[in-house]
Amino acid sequence: MWNLSEQEEEKYVRGKVDELIASCPRCNDEQSVKLVLKAFEVAHDSHKGIRRKSGEPYILHPIEVARICAQEIGLGAKGIAAALLHDVVEDTDITVEDLENIFGHKIASIVDGLTKLSGVMDQDKSKQVENFRKLLLSMVEYIRVILVKLADRLHNMRTLDSMAENKRLKIAA
């Protein structure tokens, strides 16, 4: 499927964002829709030209994480915006300060928490479990951080089929 023309691919990606907004039970006002679209545009521009191992455009991953947050977890526009932006600080030149200037403190704070959480979750298992426990206890007020991270991990697990078996088993563990 990923041998689409650039225009077809762009149309497909934008269709996925339209589906995300249409299916979001808490994106029912103009301000919420504008916020989600703005986050999409920043994430889309930031991840332009980057592909996942499956060959699909990278931006489809944040869109799917945002869809999980909207439909399966029930987060609102700020959580969805953070889900769309969850990899931009870690993977691009955009900083937390840039996000704060564009989206305000709350969304920048959620993305910053996600970036810090990634560092904790990539350690060996015993350290990871203990650090995750401490992080959960210290970040109760940032429950959206945890929910977006869980949605991120869930989407990664759902798309392991493009990886070699040894990598699938390691990630699943």
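Some values worked out for this structure:
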{"quantity": "Contour minus Cα-Cα distance for residue 161 and residue 52 (0.36 nm per residue)", "calculated": "38.1 nm"}
{"quantity": "Residue-span extension gain [residue 129 to residue 5] - 0.36 nm each, minus C-alpha spacing", "calculated": "40.3 nm"}
{"quantity": "Qualifying aspartates and glutamates (Cα of each under 18 Å from Cα of residue 170; at least 8 residues distant if same chain)", "calculated": "122, 124, 152, 161"}
{"quantity": "Under the Karplus curve 6.51 cos²θ - 1.76 cosθ + 1.60, θ = phi - 60°, whole-Hz ³J(HN,Hα) for the stretch 81-88, x wherever Gly or Pro sits", "calculated": "4, 4, 5, 5, 9, 4, 9, 5"}
{"quantity": "Under 5 Å, built H, 5+ apart or other chain: amide partners of residue 51", "calculated": "58"}
{"quantity": "Residue pairs, from the table 16/78; 48/116; 38/116; 16/38, whose Cα atoms sit over 20 Å apart", "calculated": "48/116; 38/116"}
{"quantity": "Accessible carbon and sulfur surface of the stretch 3-103 relative to its total accessible area, %, 1.4 Å", "calculated": "46"}
{"quantity": "Among 78-85, 43-50, 149-156, 108-115, the order from most to least packed when residues are scored by Cβ within 10 Å on average", "calculated": "78-85, 108-115, 149-156, 43-50"}
{"quantity": "Placed amide H near residue 75: partners under 5 Å, 5+ positions off or other chain", "calculated": "70"}
{"quantity": "The stretch 55-69 - phi-based ³J(HN,Hα) in whole Hz, Karplus 6.51/-1.76/1.60, Gly and Pro as x", "calculated": "x, 6, x, 4, 4, 5, 5, x, 5, 5, 4, 5, 5, 4, 4"}
{"quantity": "Computed label-point distance, nm, for sites residue 96 and residue 18 using a 7 Å Cα→Cβ extension", "calculated": "3.7"}
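The values are calculated or read from the model by the stated rules, or taken from the named source; none is laboratory data. Small disclaimer: the values here were computed from a predicted structure and weren't measured. Cβ coordinates were reconstructed from backbone atoms using ideal geometry, including for glycine residues, and neighbour counts include every protein chain displayed. Remember, those area values only see protein heavy atoms, side chains included, never the ligands or the DNA or RNA. Shrake-Rupley method; radii C 1.70, N 1.55, O 1.52, S 1.80 Å.
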